[in-house]
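> Would you mind keeping the following structure in view while I ask a few things?
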């Protein structure tokens, strides 16, 4: 068996979306889809806890028990599993509550299936993933206290770049906002990663949210 195989489970009540997931992931040799359920109750009654997934894709809005409650249930069943919430509920409260309950990532619907795959890989490798909109909501929630802490470690220009990341801009858009080249943006990011001891944007966002400087 491929030692890099990522075993996933999905709990999503939209049958059309479930079929899309099944079809999409079937094309990846590094993904093994262990189970799909349309509710937490179905997962509980169908022996879903007997599986051993690496990551679970979880909707928040489900019939019966909702996804926020589900994060706790899944954590108790699988203490080491990664949980990626994929939801159309993009309220700050929903995103913050998901992370507080123990989710490793949040992706706002509707999103491209390619982004779902990227999120699965990033969470497996780096431990966290946030779509641009989710990142923006969470960084807004963290507030000025983190900005003050970051200003003690970063230059004014580096801090500006970190704060712009909350808008979910591409490197090209960041460069245009800061009136610099994409090369300069990458240079600043490398310095930021080094100063904050991270290796990726996902790790940077996770560190900012956890205030672990």
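The values are calculated or read from the model by the stated rules, or taken from the named source; none is laboratory data. Remember, predicted model here, so these are calculated numbers, not experimental data. Neighbour counts run over all protein chains shown; Cβ positions are idealised from the backbone, glycine included.
> Could you pull out the residue among 102, 72 that is more than 21 Å from residue 124 (Cβ to Cβ) and surrounded by fewer than 18 Cβ atoms within 10 Å (Cβ to Cβ)?
On the way: 102 fails: more than 21 Å from residue 124 (Cβ to Cβ).
Answer to the selection: 72.
> Name the residues in the range 170-192 that are under 24 Å from the mean Cα position of the chain (by Cα) and surrounded by fewer than 16 Cβ atoms within 10 Å (Cβ to Cβ), would you? Spell out how you get there, then give the answer.
Here is the first cut: in the range 170-192, the ones under 24 Å from the mean Cα position of the chain (by Cα) are 170-174, 185-186, 188-192.
The answer is 170, 171, 172, 173, 186, 190, 191.
> All but one of (1) under 14 Å from the mean Cα position of the chain (by Cα); (2) assigned to a strand (DSSP E or B) hold for residue 116; state the number of the condition that does not hold.
With respect to (1) under 14 Å from the mean Cα position of the chain (by Cα); (2) assigned to a strand (DSSP E or B), residue 116 is out only on (2).
> If you take the residues of the range 39-66 that are in contact with a strand residue (DSSP E or B) (Cβ under 6 Å, 6 or more places away or on another chain) and free of Cβ contacts under 8 Å to residues at least 40 places away in the same chain, which of them is surrounded by the most Cβ atoms within 10 Å (Cβ to Cβ)?
43
> So residue 68 fits all but one of (1) in a helix (DSSP H, G or I); (2) more than 29 Å from residue 5 (Cβ to Cβ); (3) at pLDDT below 90; what number is the exception?
Here residue 68 meets the rest and fails (3).
> Answer yes if at least one residue in the range 69-76 is under 17 Å from residue 129 (Cα atoms) and touching a residue at least 24 places away in the same chain (Cβ under 8 Å), and no otherwise. It would help to see each step written out before you state the result.
Taking the range 69-76 as the starting set, the residues that turn out to be under 17 Å from residue 129 (Cα atoms) are 71.
If we keep only those that are touching a residue at least 24 places away in the same chain (Cβ under 8 Å) as well, we get 71.
There is at least one residue in the range 69-76 that is under 17 Å from residue 129 (Cα atoms) and touching a residue at least 24 places away in the same chain (Cβ under 8 Å).
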